[in-house]
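Structure first, then comments.
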Amino acid sequence: MDLAEIWRVMRRRWYVLLPGLLLTAALTTAVHLLIPVEYQSQSTVTLLNSSKATEAFDGNPFLSTQASLTGMADGLARNLNSDGAKADLKALGVTGKHEVKIADNAQGPFMWLTVTGTDPAAVLKSDELLASYADKRLKEFQTQQSVAPEAMIRMATIVPPQKPEAQTKTRLQYIVMVGALGFVLSLVAVFFVEARRRTPRGKNRPAPAGTPTAAAAPVPVGAAPAPTDETMALRTVGPGGAGAT
């Protein structure tokens, strides 16, 4: 079946295709309205060496980097993603979903603080609260270990919380999926109806099992059999080859 034939079938069975397309349009509209747009804000922070450790570098923390800072960043990120941290952040007013991780391709203790939600203003405010809470947790970790203030690892903001941006990829994927599925099902219904209409009813259908076949007409009891050609010849010639009188 070529494209021209497919188009002819669609035109011929428009009364099947049209309701399917209308239902597909209604479903895609419902997905568009029911799935809200999500917004995302992200900030970048880094861990810096203590003021005591940077004395040899004239107090410049960016000249003093250690592998232990990256390990501390990983541990802090894990803590900020824990259930306890989620409860604390919720109590502080953080809404939506937050995520903390070491920045991709980072060559140091750089961390991404990300918040995702449906309200842009609330997302931006939540990202700011998350950054403050991260700095607070870093200090609490070191206080619990009785670290002197001048020897504590510090946190600095590299990129402040950015203006929330719309994340439409997920909703667009659902809309495309529903639209494609609805269109395919509409075509299947069209060709199903076409196939049913093209097949004549009762033609080439096998006889049901047990159906009796046509039998020869019964011969009445006592009736003489029909004369054959040989019998007719004997009657005509008669005995001895002479013709019958």
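Could you please report the charge total around LYS90, scoring K, R as +1 and D, E as -1 over all other residues with beta-carbon less than 14 angstrom from its beta-carbon?
Taking every other residue near LYS90 into account, the sum is +1.
Quick check on my link table: of LYS136/LYS169; LYS139/LYS169; LYS97/LYS169; LYS90/LYS136; LYS97/LYS136; LYS52/LYS97, which ones sit more than 27 Å apart, alpha carbon to alpha carbon?
Details: LYS136/LYS169 34 Å; LYS139/LYS169 38 Å; LYS97/LYS169 17 Å; LYS90/LYS136 15 Å; LYS97/LYS136 20 Å; LYS52/LYS97 37 Å.
As for pairs spanning more than 27 Å Cα to Cα, those are LYS136/LYS169; LYS139/LYS169; LYS52/LYS97.
Could you work out Rg/(2.2 N^0.38 Å) for the range 1-90, with Rg from alpha carbons only?
That works out to 2.47 for the range 1-90.
Provide the net charge surrounding GLY117, with neighbours chosen by a C-beta distance below 11 Å and charges set as Lys +1, Arg +1, Asp -1, Glu -1. Let's see the in-between values first.
Working: positive: LYS97, LYS125; negative: GLU38, ASP119, ASP127.
Net local charge, GLY117 excluded: -1.
Which order do HIS32, HIS98 take when ranked by solvent-accessible area (1.4 Å probe, heavy atoms of all protein chains), largest first?
If we order HIS32, HIS98 from most to least accessible, we get HIS32, HIS98.
Could you work out what % of the accessible surface of the range 1-137 is carbon and sulfur, using a 1.4 angstrom probe and leaving DNA, RNA and ligands out of the count?
With neighbouring chains kept in place, the figure for the range 1-137 is 58 percent.
Which value, in debye to the nearest 20, describes the size of the charge dipole of the range 47-152 about its Cα centre when Lys and Arg Cβ atoms bear +1, Asp and Glu Cβ atoms bear -1, and nothing else is charged? Mind showing how you got there, number by number?
Details: 10 positive and 13 negative charges, 54 e Å.
I would put it at about 260 debye.
The values are calculated or read from the model by the stated rules, or taken from the named source; none is laboratory data. Here the structure is a predicted model, which is why all the values come from computation and not from measurement. Heads up, the Cβs are rebuilt from the backbone with ideal geometry, glycines too, and the neighbour counts pull from every protein chain shown. Ligands, DNA and RNA are excluded from the accessible area calculation, which covers all protein heavy atoms including side chains. Shrake-Rupley method; radii C 1.70, N 1.55, O 1.52, S 1.80 Å.
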